[in-house]
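Asks: Supplied in structure tokens, the structure appears directly below.
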Amino acid sequence: MKADLFVSPAGDDNWSGRSEHHEGNEGPLATLTRARDVVRTIPTAGRADHGVIVEVLGGTYELTEPLALTEEDSGTPEAPVIYRARHAEEVRLIGGKVLSAFSPVTDRAILQRLDPAARDHVVQTNLADQGIADFGQLTAPGWYQGQPGLELFYRGERMTLARWPNEGFVHLDSIDVDGNTPLQNRLTASGEIRGSNEGRFVYDGDRPSRWTDEDDVWLHGHWFFDWADQRQKVAAIDTKKRTITMEGPNHAFGYRAGQWYYALNVLAELDRPGEWYLDRRTGVLYFWPPAPLEAGEVSVSIAPQLIQLQGTRHVAFQGMNMESVRGTAITIDAGEGNLVCGCTIRNASSWGVMITGGTACGVEGCDLHALGEGGIWLEGGDRPTLTPGRHFALNNHIH
């Protein structure tokens, strides 16, 4: 069916959007947000029998905040509102910005902190100079409470925040720091296990001595049970006693010897291709690219979501690539008859699509991968009255 509005990376939000070719005031729009606003001006009675079709031309669209649709953006069962990628063209919605202006590291203090093997390979760029001020926080995910901050992507792949060890984990050597650490017994199915709630432990070896110039070191560990992981900030490192003290609040189950953890967000551990580090005080990002920079695109995530539908009815998104977002890519809440179809959704820190409340919304024929929590969340209906939600996920590839 013929499109009613057009969006293009070469467009202009001051144009009408009624034509894909520019002539005078006619021409495609530049953003989906402006397209949404134009759709709102089209009265229901004045819409074509097929509804409203917004055709998005190939290219990359940077969304630093979500495209938010509400009840006023709705279609009808007979005349839906459809946002579709042009056939055979790649449309990318990225929840952030493509980075540029990389240069070699020349600051002697930074070079001294870097691993010698990395000094000739790591490059830097200032995010603040590129209009990026919201870096997010390295909060304590785990316990189903992930709060992701900024992530880095190269060639569409998530890069690794500088960590040690590079693979796997190391073990807590001891939790009895000074011979007087109070220990508690925790009853488990296999018997009692002794642990400490104090948030201090003895480490093995000398590796943490490299981190004493770092002020934002975090540890991600399975501190007491193998099934309960949590990330925590380091408050202090005592290299003489070989002890690490956590910044509270401490892990709810406590800590026990032999459990496992790794360190992350450590510039001194940026020691292999694909790792990166962001100095949140200066806004400078350091990166060891796994291939020449000119061979691929470098981007960071900024937006918490790409698309938010709240109380929206009969709206569809078709054929787009959606990626690089700090939370869930698409959220649909209290909607009816909304559809995500034929899309590729990747590199979201939380879920690909989350549908809650409402009725008869679905995800069909989509490819979802590289997601932090899961692919598709469906929640609806009313249990007390046994009213079905009728949400659906059909013929998707989640991997």
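Bear in mind these aren't lab numbers, they're just calculated from the coordinates by the rules spelled out. Predicted model, so just to flag it, every value in this text is computed and none were measured. Ideal geometry is used to build each Cβ from the backbone, glycine not excepted, and the neighbour counts take in all protein chains shown.
Asks: In whole Hz, what ³J(HN,Hα) sequence does region 359-367 give by Karplus (6.51, -1.76, 1.60; θ = phi - 60°), x for Gly and Pro?
Replies: 8, 6, 9, x, 10, 9, x, 9, 10
Asks: Let me ask another. Using just the Cα positions, wrap region 170-264 in a convex hull and report its mean projected area in square nanometres, one decimal place. Mind dumping the intermediate values first?
Replies: Values: hull surface 23.6 nm².
It is 5.9 nm².
Asks: Would you calculate, for the chain, the mean residue ellipticity at 222 nm contributed by helices, counting each DSSP H stretch of 4 or more residues as -39,500 (n - 2.57) and dividing by all residues, to the nearest 500?
Replies: Values: 2 runs with 15 residues, N = 399.
Computed mean residue ellipticity for the chain: -1000 deg cm²/dmol.
Asks: Could you give the length gained by full extension between His397 and Glu71, i.e. 0.36 nm per residue of separation minus their alpha carbon distance, to one decimal place?
Replies: Details: separation 326, 0.36 × 326 = 117.36 nm, distance 2.99 nm.
Separation in residues times 0.36 nm, less the Cα-Cα distance, equals 114.4 nm.
Asks: Continuing with this model, one more query. Excluding Val38 itself, calculate the net charge of residues whose Cβ lies under 12 Å from the Cβ of Val38, where each Lys or Arg counts +1 and each Asp or Glu counts -1. Please list the in-between numbers first.
Replies: Numbers: positive: Arg18, Arg34, Arg36, Arg40; negative: Asp4, Asp13, Asp37, Asp73.
So the environment of Val38 carries a net charge of 0.
Asks: Cα gyration tensor of region 40-161, axes a ≥ b ≥ c as square roots of the eigenvalues: rounded (a/c below 1.5), prolate (a/b > b/c) or oblate? Don't skip to the answer; put the middle values down first.
Replies: Working: a/c = 3.31, a/b = 2.36, b/c = 1.40.
Prolate shape, in that a/c is at least 1.5 and a/b is the bigger ratio.
Asks: Now for a different question. Looking at the chain as a GNM with Cα springs under 10 Å, which of Thr33, Thr385, Thr76 has the largest mean-square fluctuation?
Replies: It is Thr385.
Asks: I need the Kirkwood Rh of region 78-145: take the reciprocal of the average 1/r across all distinct C-alpha pairs and report it in angstrom. List each step's numbers first, then the result.
Replies: Values: mean 1/r = 0.0587 Å⁻¹.
After inverting the mean inverse Cα-Cα distance, the result is 17.0 Å.
Asks: Quick check: pseudo-label points 7 Å beyond the Cα along Cα→Cβ at Arg390 and Ala370, how many nm apart are they?
Replies: Modelled inter-label distance: 3.7 nm.
Asks: Follow-up question, since we're still on this one. How many nm separate the modelled label positions at Ala257 and Arg18, each set 7 Å beyond the Cα in the direction of the Cβ?
Replies: 8.0 nm
Asks: If you don't mind, another one. With an 8 Å cut-off on Cα pairs and a minimum separation of 6 or more residues, tell me the relative contact order of region 170-264 in percent.
Replies: Details: 196 pairs, mean separation 35.1, N = 95.
Taking the mean separation of contacting Cα pairs over the length of region 170-264, I get 37 percent.
Asks: Quick one: what Rg and Dmax do you get for the chain from the alpha carbons, in Å?
Replies: 24.8, 81
Asks: Can you tell which of Ala268, Thr64, Gly357 lies farthest toward the positive end of the dipole of the chain, using +1 and -1 charges on the Cβ of basic and acidic side chains (Lys, Arg; Asp, Glu)?
Replies: Result: Ala268.
Asks: What's the local net charge at Gly311, with K and R +1, D and E -1, over the other residues with C-beta under 10 Å away? Kindly include the intermediate steps, with their values, before the conclusion.
Replies: Working: positive: Arg313; negative: Glu71, Glu72, Asp73, Asp333, Glu336.
Result for the local shell: -4.
Asks: For region 194-240, run through the chymotrypsin sites (Phe, Trp or Tyr not before Pro) and keep only the ones in DSSP coil with at most 14 other Cβ atoms within 10 Å of their Cβ. Each step should come with its number before you reach the end.
Replies: Numbers: sites: Phe201, Tyr203, Trp211, Trp218, Trp223, Phe224, Phe225, Trp227; in loops: Tyr203, Trp223, Phe224, Phe225, Trp227.
Within region 194-240, the qualifying chymotrypsin sites (Phe, Trp or Tyr not before Pro) (loop, at most 14 other Cβ atoms within 10 Å) are Trp227.
Asks: Let me check I've understood the local charge: for Pro116, count other residues with C-beta under 14 angstrom from its C-beta, Lys and Arg +1, Asp and Glu -1. What total comes out? Intermediate results must be reported in sequence, preceding the final value.
Replies: Details: positive: Arg108, Arg113, Arg119, Arg210, Arg272; negative: Asp115, Asp120, Glu269, Asp271.
Once all neighbours under 14 Å are counted, the net charge is +1.
Asks: Across 10 Å bins from 0, what is the distribution of all Cα-Cα pair distances for region 298-395, in whole percents?
Replies: Once binned at 10 Å, the Cα pair distances of region 298-395 give 18, 50, 26, 5, 1, 0.
Asks: Still on this model: I want to check the label-to-label distance for His50 and Asp107. Put each point 7 Å from Cα in the C-beta direction and report it in nm to one decimal.
Replies: The two pseudo-label positions are separated by 5.5 nm.
Asks: Over all pairs of distinct alpha carbons, what does the Kirkwood formula give as the hydrodynamic radius of region 1-88, in Å?
Replies: When all Cα pairs of region 1-88 are included, the Kirkwood radius is 13.2 Å.
Asks: To continue, here is another question. Hey, could you grab the Kirkwood Rh for region 207-314? Inverse mean 1/r over distinct alpha carbon pairs, Å, one decimal.
Replies: Numbers: mean 1/r = 0.0586 Å⁻¹.
Its Kirkwood hydrodynamic radius stands at 17.1 Å.
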